[in-house]
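The values are calculated or read from the model by the stated rules, or taken from the named source; none is laboratory data. All of these numbers come straight from a predicted model, not from anything done at the bench. Here the Cβ positions follow ideal geometry from the backbone for every residue, glycine too, while neighbour counts run over all protein chains shown.
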Amino acid sequence: MNYISTRGDATERPFSAILLEGLAPDGGLYLPTHYPQIDAARLGHWRGLGYAELAFEILRLYIADIPPADLKALVDKTYTAATYGTAEITPLRELEPGLFIQALSNGPTLAFKDMAMQLLGNLFEYELGRRGQVLNILGATSGDTGSAAEYALRGKQGVSVFMLSPQGRMSPFQQAQMFSLQDANIHNIAVEGVFDDCQDLVKAVSADLGFKRQYQIGTVNSINWARLLAQVVYYFAGYFRASRDNGQPVSFAVPSGNFGNVCAGHVARMMGLPIARLVVATNENDVLDEFFRSGRYRVRGSAETFETSSPSMDISKASNFERFVFDLLGRDGARVAGLFGAGLTRDGGFSLPAEDRARLAGFGFVSGKSSHADRLATIRDTWARHGDMIDTHTADGLKVAREQLQDGVPMVVLETALPAKFAATIQQALGREPLRPAALNGIEDLPKRGVVMPADLARVKAYISAHALC
């Protein structure tokens, strides 16, 4: 199994090379040359596996250049009851017949990003040790990616982390999780702008191939294929728990901002997992909902990106969306490069012609959006009727999931975080503070480390130059 760029560079690269590289040299994102096909017999075998065993079976299909025994040891080290609080790792809870929430937020930072980041941290340390190299991770976060990456990589040998976040745009808990870390290899940069400014800076640094190679820059955002690959596993795990047998289709509702989480579902579906619908749930920043309803992808600028009570989805330029469009357009890299390269910069978006929109139905995507009032109502209703306290992003997913229910098709809502991360909105909805793990009480009052700077590429590169591992 090798990997190619979404923008036409057909040079095939092995997994270990793209693990450390992030973006392709032509600015595209990496995808496998093909999706392995899972037949009924293999699905039947996988249904009885534990989470770590399932993860190993899926990952080994995509990772050819790490010895199987080493890969299995890395997976077993990652997915443990000690880290995730339960041997099931991602248990389902049924709200009502046929409607489930998949718990993905039992890791150390209380967000679904831990599911992939914990593995990514172990993969980085393994590969760097094997090569005798160092890596300087550059990432952008709207809330949860940053803390998950930093907790996974803090203290790791040969790795430094530079994490960009939008100044004042995260919840106090989210910011405290990142900025309270005192590890020498963790560097927090608060950017005066929105998440999309942070993401653009990461892409701009990665596009400077000379700088990228000089300072050995890698990524942990979901533009890194390894992170998205790790997320594919919980779609299979959720499917097995929600279905009676392997002939029953299941739908997944996914709170969506950067399209990475739901793109993993797309990969699972392309592999043959019987997914009926992939329900894309957005908040007021509804660029993805607009696309799936109209075929128009219209990027918003900072002034048009709303600050909402589900801040991890306050994104108006969905990086992973390029991977899906590559598949939608028959893997035509030249067309994708035209749409997402100069065309996106020049026109601020694109509209697909009718023949391309007609193919959308074959990929199972539907969409909807949720407002602040919807979030409050969903949180209240779920607590009142089920005694289940959910966070704001999961509430977006649940609200849109209810609009897309089909008779006889189980619906799994992917939980994205625990409500402790968004205490102000939970207080507004329920009149009470959310519970949080005892170890995290008072985290907002801890000393903080970080710098604030404008959304200026030269300033960011200068900071990296001064603090990078060499």
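Scanning the stretch 1-48 for residues that are charged (D, E, K, R), part of a loop (DSSP other than H, G, I, E, B) and either touching a strand residue (DSSP E or B) at 6+ places or on another chain (Cβ under 9 Å) or buried (at least 19 other Cβ atoms within 10 Å of the Cβ) (or both) turns up Arg7, Glu12, Asp26.
Just one of the listed residues (Gly193, Gly257) is surrounded by fewer than 24 Cβ atoms within 10 Å (Cβ to Cβ) and not charged (D, E, K, R), and it is Gly193.
Being among the β-branched types (Val, Ile, Thr) and without any contact (Cβ under 8 Å) to a residue 60 or more places away in the chain: is that true of Thr378 here? Judged against the criteria, Thr378 is a match. Within the stretch 63-98, the only residue that satisfies the criterion of being free of Cβ contacts under 8 Å to residues at least 24 places away in the same chain and basic (Lys, Arg) is Lys72. Within this structure, Val412 fails the test of being part of a helix (DSSP H, G or I), crowded, with 17+ Cβ neighbours inside 10 Å and in contact with a Gly (Cβ under 6 Å, 6 or more places away or on another chain). As a summary of the residue check, Gly333 satisfies the conditions (1) within 22 Å of Thr394 (Cβ to Cβ); (2) in contact (Cβ under 8 Å) with a residue 60 or more places away in the chain; (3) not hydrophobic (A, V, I, L, M, F, W, C) except for the one numbered (1). Identify all residues within the stretch 419-465 that are loosely packed, with under 12 Cβ neighbours inside 10 Å, modelled with pLDDT under 95 and assigned to a helix (DSSP H, G or I); write none if there are none. Hits for the stretch 419-465 are Ala438, Ala439, Asp445. Residue count for the stretch 235-254, restricted to those that are touching a strand residue (DSSP E or B) at 6+ places or on another chain (Cβ under 7 Å) and surrounded by fewer than 21 Cβ atoms within 10 Å (Cβ to Cβ): 3. As for the stretch 111-126, it holds at least one residue that is more than 16 Å from Ala226 (Cα to Cα), in contact with a strand residue (DSSP E or B) (Cβ under 6 Å, 6 or more places away or on another chain) and either surrounded by 24 or more Cβ atoms within 10 Å (Cβ to Cβ) or free of Cβ contacts under 8 Å to residues at least 40 places away in the same chain (or both).
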